[in-house]
Amino acid sequence: MGSLILCHKKRAKQPYVISRVHMKIYTIEELCYYICNNLYLIDYTIINYQLCDWIGRELEMEELSEHLKAELRKNCSMEQFILTILRESTIYAQSDINRIQNILERLQNQKDVERAKHKADSLMQSREYESAVLVYQAIVGGERDDSVDKKFYGKVYASLGAAYGRLFLYEEASKMYEAAYEICEEPEMLKAYLYCCRRAMPEEKYVKMLSGNPAFLSMDPQIKESIREVRREIDPDLPEKKLEQWKKEYRRIDKNTGIC
């Protein structure tokens with residue numbers, strides 16, 4: 001017979017809003033679920049006095065609220081704050097909490113750039129592509145950590161290229177994949193680079209780029225087949241003129257905010 005989890009009845013009238021992912025939380029169960037499924041995204045949007053006040057006021061869990069405030073006053077770690085919520089919610093079994101604690105400990109042992117990449121990867125999985133772009137850019141634009149694997153930054157460039165690609169910004173994506181391939185020299189990165197170039201460039205310019213480069217020429221048939229597969233699978237609802245207008249607006253905001 002499986003274990004029974006007793007859920008709390010209280011539902012907030014005013015939700016707690018996690019601004020980074022535009023999510024509204026109404027119950028302690030929803031808060032715990034978000035935490036457990038987004039450990040790489042946990043930051044000041046969760047670990048703050050506002051959340052403590054919301055737990056006490058909206059969920060009427062005054063004891064947990066005061067406990068969390070006391071921990072913040074002691075400059076507690078992220079791990080301590082999160083585990084207090086999970087334990088006092090009485091939703092999870094001790095084995096589940098131990099598993100989450102192990103993950104949090106591994107996070108603490110990771111380098112700052114590794115944690116940042118995991119955060120951006122989580123944002124990508126949540127389809128928060130613009131937020132992921134900002135985190136990836138902060139990594140490649142910040143001070144380099146020579147202690148990580150030499151291909152680490154190549155993979156970050158590739159991930160940034162993928163994020164741009166999801167935003168239909170193929171010109172920007174091609175530059176990132178080019179940088180990724182220069183570091184890692186992986187065929188899939190070259191393929192992604194050429195795919196983005198083909199989507200971003202006029203046909204004449206793309207053909208000229210291919211000429212005289214045997215590696216590009218041998219890869220091109222695969223690019224054409226990939227494009228045919230994509231066209232068979234999807235039927236974009238966004239008109240071409242509207243897409244181009246959106247790209248220009250995005251790049252204008254990009255430039256004004258100082259984003260690379």
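The values are calculated or read from the model by the stated rules, or taken from the named source; none is laboratory data. Keep in mind the model is a prediction, meaning the values are calculated, not measured. Every residue, glycine as well, gets a Cβ built from its backbone with ideal geometry; the counts of neighbours run over all protein chains shown. Please note that ligands, DNA and RNA were not included when accessible areas were found on the heavy atoms of the full protein model with its side chains. Shrake-Rupley method; radii C 1.70, N 1.55, O 1.52, S 1.80 Å.
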Original post:
What FRET efficiency comes out for the pair N109/K13, r = Cβ-Cβ distance, R0 = 45 Å, nearest 0.05?
Top reply: 0.65
Original post:
Based on DSSP H runs of at least 4 residues, each adding -39500 (n - 2.57), what is the mean residue ellipticity at 222 nm of the chain after dividing by all its residues, to the nearest 500 deg cm²/dmol?
Top reply: -21500 deg cm²/dmol
**OP:** With a ≥ b ≥ c taken as the square roots of the eigenvalues of the C-alpha gyration tensor of the stretch 106-147, please select rounded if a/c is under 1.5 and otherwise prolate if a/b is larger than b/c or oblate if it is not?
**Re:** oblate
Subject >> Rounded, prolate or oblate (a/c below 1.5 giving rounded, otherwise prolate when a/b exceeds b/c) for the chain by Cα gyration tensor >> reply: prolate
Original post:
Anyone know which of E172, E105, E79 comes out most mobile in the 10 Å Cα GNM of the chain?
Top reply: E105
Original post:
Which residue, Y153, Y49, Y170, has the most motion in a Gaussian network model of the chain that connects Cα atoms within less than 10 Å?
Top reply: Y49
Subject >> Full-extension gain in nm, M78 to A138, via 0.36 nm per residue minus C-alpha separation >> reply: 19.4 nm
Original post:
M209 versus S95, label points 7 Å from Cα toward the beta carbon: distance in nm?
Top reply: 5.3
Original post:
Each label point is 7 Å from the Cα along the Cα-to-Cβ direction; what then is the distance between the points at D53 and E188, in nm?
Top reply: 4.7
Original post:
Over 19 Å between Cα atoms, which of K155/K175; K69/K119; K74/K111; K117/K150 qualify?
Top reply: K69/K119; K74/K111
Original post:
Roughly to the nearest percent, how much of the accessible area of the chain is carbon and sulfur, given a 1.4 Å probe?
Top reply: 50
**OP:** Compute the projected area of the convex hull of the Cα atoms of the stretch 30-100, averaged over all viewing directions, and report it in nm² to one decimal place.
**Re:** 4.4
Original post:
When only the heavy atoms of the protein chains count and the probe is 1.4 Å, how do K69, K74 rank by accessible area, highest first?
Top reply: K74, K69
